[in-house]
1. Just to be sure I understand: of the beta bridges DSSP finds with both ends in region A:39-159, what percent are antiparallel, rounded to 5?
2. Taking the mean number of other Cβ atoms within 10 Å as a proxy for protection, how do you rank B:21-34, A:4-17 from highest to lowest?
3. Would you look at the GNM of chain A, springs on alpha carbons closer than 10 Å, and say which of A:220, A:36, A:156 moves the most?
4. Using a basic spin-label model with each label point 7 Å from the Cα along Cα→Cβ, how many nm lie between residue B:52 and residue A:160?
5. Across peptide A:204-217, how many C-beta atoms of other chains are within 10 Å of each residue C-beta, on average?
6. Starting from the 7 Å offset along Cα-to-Cβ, what nm value, one decimal, do you get for the label separation of residue A:78 and residue A:175?
7. Does the protein assembly as shown come out rounded, prolate or oblate, given a ≥ b ≥ c as the square roots of the eigenvalues of its C-alpha gyration tensor, rounded meaning a/c under 1.5 and, failing that, prolate meaning a/b above b/c?
8. Per residue of A:101-109, how many C-beta atoms from partner chains lie within 10 Å of its own C-beta, taken as a mean?
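Rule-based calculations on the coordinates, nothing more; no lab input. Just so we're clear, the structure is a prediction, and the values are computed from it rather than from any experiment. All Cβ positions, glycine included, derive from the backbone under ideal geometry; neighbour counts span all protein chains shown.
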């Protein structure tokens with residue numbers, strides 16, 4: 001059976017159609033979910049796409065956090081449901097406290113729209129298990145507020161608990177440096193590009209795997225991430241909505 | 001029941017130690033103005049609002065919750081709540097609602 005994955009559409013979302021397409025490429029049935037509806041329409045997983053929800057007013061993601069659909073997404077996540085946030089979706093998840101840390105203005109102050117390389121820190125998660133390679137996955141970034149920040153204690157805790165999911169890397173796979181290193185497009189602390197929650201069922205990343213799912217798009221390195229997510233949602237459904245592949 | 005309008009400003013600023021690239025950019029421009037001796041520039045935001053509530057305690061509770069849950073992100077920002085202008089009863093037609101902020105504008 002095809003799994004149904006909700007794609008939340010906020011006013012200002014603009015990568016929702018890309019997400020819909022990527023989910024189709026990965027074999028799932030995308031289900032658009034309107035921000036003003038509390039219903040998740042019985043979906044098996046949720047994807048929060050990129051864009052500028054509510055114009056990014058006040059802080060990116062914060063107004064979206066209080067929308068009716070996000071209350072349902074929070075309950076879905078608390079129940080172990082798999083949730084993936086991309087770019088603005090990642091910002092929404094941090095503002096909703098479903099993911100740790102915060103996304104600050106890019107250290108270079110500029111909106112950055114170009115291809116970057118990232119590495120998966122681990123391949124035993126619901127979001128990475130289908131990746132055929134760990135490192136130097138090429139995909140675009142397009143954001144003005146993507147500098148991952150958390151205090152040092154929190155960063156150490158995230159590293160220790162395996163919650164750092166993706167890091168920016170050089171094309172040869174070596175870890176990107178700080179803000180002066182072009183490989184780290186926004187100056188993220190410890191070159192962190194994506195994280196998970198403590199339970200491992202909610203993940204977010206700033207780069208766009210959903211726009212790198214076919215060679216014709218310039219890269220299909222992102223497909224492994226989308227395919228991992230889809231397969232994990234399917235696995236969880238088969239298990240009766242309980243365990244997810246690789247979920248801790 | 002009589003309600004009163006309470007006018008507040010919520011001043012949100014980056015916490016000490018938090019990167020503030022906007023502040024740094026402003027600071028970097030100072031040389032172009034021929035100004036020196038200015039440092040530690042931090043850019044925050046100020047939100048002004050009116051709370052209609054039965055009394056000052058109730059209004060204060062509302063603005064505090066708003067500042068904490070919506071207007072600031074406690075991970076990266078600090079906030080201060082500043083009452084501005086005189087409180088005005090909605091049943092009153094007097095001009096006590098002229099707040100300091102309006103005067104300044």
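1. Percent antiparallel among DSSP bridges in region A:39-159 is about 70.
2. Descending mean neighbour count gives A:4-17, B:21-34.
3. A:156
4. Distance between the two pseudo-spin positions: 5.2 nm.
5. Neighbouring Cβ atoms belonging to other protein chains average 0 per residue here.
6. 3.5 nm
7. oblate
8. If you average over the peptide's residues, the count of other-chain Cβ atoms is 4.
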